[in-house]
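Handing you this structure, nothing more for now.
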Amino acid sequence: MREWILPEYIEDLLPAEALRIEMMRRRIVDWLLVYGYELVGPPLLEFVESLLSGSGGDTDLRMFKVVDQLSGRVMGLRTDMTPQTARIDAHLLNRKGITRLCYAGSVLHTLPSGLTRTREPLQIGAELYGHAGLESDLEVQRLMLQSLAIAGIGEIHLDLGHVAVFRGLVRGAGIPVELETELFGVLQAKDIGGLKKLCTGLKKRVDTRARQALLLLPELYGDDAILALARQSLPDYPEIRTALDDLETVGAELEPVVDRLAFDLADLRGYHYHSGMVFAAYTGNCPNAIALGGRYDEVGKAFGRARPATGFSMDLRELSGLVQSDLYPKGILAPYVKGDRMLEKKIEQLRNDGQMVVVELPGNGNIQDTFNCNRRLVLQGEVWTIVQI
């Protein structure tokens, strides 16, 4: 085996893609900053207990773990920066009012989340703490859509869901926790046969309308007509009614700014993590969601300070693969002339103007390929001038 070969689903970023991703990161972070989102940089490693706090789901299985040789405790490499940001809000900043935070950095997964995905996503996102209303949900969703546009993503399809629909059904019907877990599993897997089997077993414990509602959930996907159907078909539990009202309000606000808007009332992604509205963005040439987010008011409890929270995140590596590749910028080749103050001043001026200037070191050959330059500085008379190569 060649020792320099990388593990599966782990890749280097070569110059053109690395620059494209870095420029994308800068533009998005700059955009978040002007909205008041403060940049934070959580550590790549933390104690496992902290990284798992409030995360739910299969985070433990997705996490690489190492032993800390200073303390002897097990540390984990982060799989998601959102819980870390919640910890920063709860313990380090400890503000009473609204806090807006953003971040960008690598996360690591033991297995890729899809066939075309990396095990080292470059996650970028924003989180808003301290506000429980729809206004903050809308702010975060609009920021996500604007960030995708800044990244160069064209047509965007947005799915809206709400975990309170399924949760309201479960609680209103008095379904025990162990059956809730099974129902969640078959709905998440889109296992209609398994769902029917479980609902048949609930005949003696759950009324007919609640069972029919559970069977209907996978079909409740589509435009705003789905919300009307849900109002007619689902039990009139307060939790479900509020969730449908919220989806209708947010959908009316966002429909004009996306290419297609749909409601997915069986979307349980992050069910044990999210507490309210959830959303996912898609684009035509990618089978995966390119951005995800939602409300997660319960996560702060794990850090000893419950705070309303909503946010979004996306993978810059994945976005980079979806946009049209830009060629690496061409530079200007300058000769190596020791002690030429006029040449040094000209090079400094060009670099201050944002031009890439590469000084040719003595003895170098094949200058065009090595430095990716299409122009050079030549001395014409007493003036250093740019000419095409």
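Rule-based calculations on the coordinates, nothing more; no lab input. Here the structure is a predicted model, which means the values were calculated and not measured. Methodologically, a virtual Cβ is constructed for each residue, glycine included, from the backbone with ideal geometry; neighbour enumeration extends over all protein chains shown.
Nearest 10 degrees, 0 to 90: what angle lies between the long axis of helix 238-254 and the longest principal axis of the chain (Cα atoms)?
Its long axis makes an angle of about 30 degrees.
Still on this model: Amide H of Ala291 versus every other amide H placed in the peptide plane: which residues, excluding those fewer than 5 positions away on the same chain, fall under 5 Å?
For Ala291, whose amide H was placed from the backbone, the distant partners under 5 Å are Ala281.
Another question, then. Cα convex hull of the range 243-355: mean projected area in nm², to one decimal?
Computing the convex hull of the Cα atoms and averaging its projections yields 13.5 nm².
Applying a 10 Å radius around every beta-carbon, put 137-143, 251-257 in order of their mean neighbour count, most first.
Descending packing order for the listed peptides: 137-143, 251-257.
Which of the GluC sites (Glu not before Pro) across the range 142-225 are loop residues per DSSP, with 11 or fewer other Cβ within 10 Å?
Sites meeting the loop and neighbour criteria: Glu155.
For the chain, calculate the relative contact order in percent as a whole number, restricting contacts to Cα pairs under 8 Å that are 6 or more residues apart.
Once normalised by length, the contact order is 19 percent.
Counting other Cβ atoms within 10 Å of each Cβ, which trypsin sites (Lys or Arg not before Pro) in the range 1-92 have at most 13 and sit in a DSSP loop?
Sites meeting the loop and neighbour criteria: Arg2, Arg73.
Then there is this: Which whole-Hz couplings ³J(HN,Hα) result when phi for each residue of the range 196-205 is put into the Karplus expression 6.51 cos²θ - 1.76 cosθ + 1.60, θ = phi - 60°, listed in order with x for Gly and Pro?
Each residue's phi maps through the Karplus curve to give 4, 5, 5, 5, 4, x, 8, 3, 7, 10 Hz.
How about the range 144-243: which trypsin sites (Lys or Arg not before Pro) there are in a DSSP loop, with at most 15 other Cβ atoms within 10 Å of their Cβ?
Lys190, Lys203, Lys204, Arg205
For the chain, with a Gaussian network of springs between Cα atoms less than 10 Å apart, report the residue from Gln123, Gln232, Gln212 with the top mean-square fluctuation.
Sorting by GNM fluctuation, first place goes to Gln232.
Enter the angle in degrees (range 0 to 90, nearest 10) between the Cα long axis of helix 163-173 and the first principal axis of the Cα atoms of the chain, meaning the one along which they spread out most.
Once rounded, the angle reads 20 degrees.
Ok, one more. Considering the convex hull of the alpha carbon atoms of the chain, report its projected area averaged over all viewing directions, in nm², one decimal. Intermediate results must be reported in sequence, preceding the final value.
Values: hull surface 106.8 nm².
Spelled out: convex hull of the Cα atoms, projected over all directions, averaged, 26.7 nm².
Shifting gears a bit: No solvent, one uniform scatterer per C-alpha: report log10 I(q)/I(0) for the range 111-181 via the Debye equation at q = 0.28 1/Å, two decimals.
Each listed q maps to, in turn, -1.19.
With an 8 Å Cα cut-off and a minimum separation of 6 or more residues, compute the relative contact order for the range 161-260 in percent.
RCO, the range 161-260: 36 percent.
What residues have an amide H closer than 5 Å to that of Met356, excluding those fewer than 5 places away on the same chain, when H is modeled at 1.01 Å from N in the peptide plane?
For Met356, whose amide H was placed from the backbone, the distant partners under 5 Å are Ile332.
Take the chain, connect every pair of alpha-carbon atoms lying under 10 Å apart with a spring to form a Gaussian network, then pick out the residue of Gly154, Gly72, Gly354 with the largest mean-square fluctuation.
Looking only at Gly154, Gly72, Gly354, the biggest GNM fluctuation is shown by Gly354.
Short version: ³J(HN,Hα) in whole Hz for each residue of the range 261-275, in order, from phi by Karplus 6.51 cos²θ - 1.76 cosθ + 1.60 (θ = phi - 60°), x for Gly and Pro, what are they?
With coefficients 6.51, -1.76 and 1.60, one gets 10, 9, 10, 10, 7, 9, 6, 10, 4, x, 4, 7, 10, 7, 10 Hz.
I want to verify a result. In a Gaussian network model of the chain, Cα cutoff 10 Å, which of these has the top mean-square fluctuation: Glu38, Glu248, Glu11?
Glu11
Please list log₁₀ I(q)/I(0) at q = 0.18, 0.23 Å⁻¹ for the range 161-260, using the Debye equation with identical point scatterers on the alpha-carbon positions.
Cα-only, vacuum Debye calculation for the range 161-260: -0.84, -1.26.
Tell me which residues come under 5 Å, amide H to amide H, from Glu38 once H is placed; ignore anything under 5 positions away on its chain.
Result for Glu38 returns Arg100, Leu101, Cys102.
Taking one equal scatterer on every alpha-carbon of the range 331-388, how large is log10 of I(q)/I(0) by Debye at q = 0.12, 0.22, 0.31 1/Å?
Values, matching the q order: -0.25, -0.87, -1.44.
Compute the Cα gyration tensor for the range 17-123, then decide on rounded, prolate or oblate, letting a ≥ b ≥ c be the square roots of its eigenvalues: rounded whenever a/c is under 1.5, prolate when a/b is larger than b/c in the other cases, and oblate in all that remain. Mind showing how you got there, number by number?
On the way: a/c = 2.00, a/b = 1.16, b/c = 1.72.
Oblate, since a/c reaches 1.5 and b/c is not below a/b.
While we're looking at this one, here's another question. For the chain, what does -39500 (n - 2.57) per DSSP helix run (n ≥ 4), summed and divided by total residues, give at 222 nm, in deg cm²/dmol to the nearest 500?
After summing the helix terms and dividing by residue count, I get -11000 deg cm²/dmol.
Would you kindly derive the ³J(HN,Hα) couplings of the range 379-387 from the backbone phi angles with the Karplus curve 6.51 cos²θ - 1.76 cosθ + 1.60 (θ = phi - 60°), listing them in order in whole Hz, with x for Gly and Pro?
8, 10, x, 10, 10, 7, 10, 8, 10
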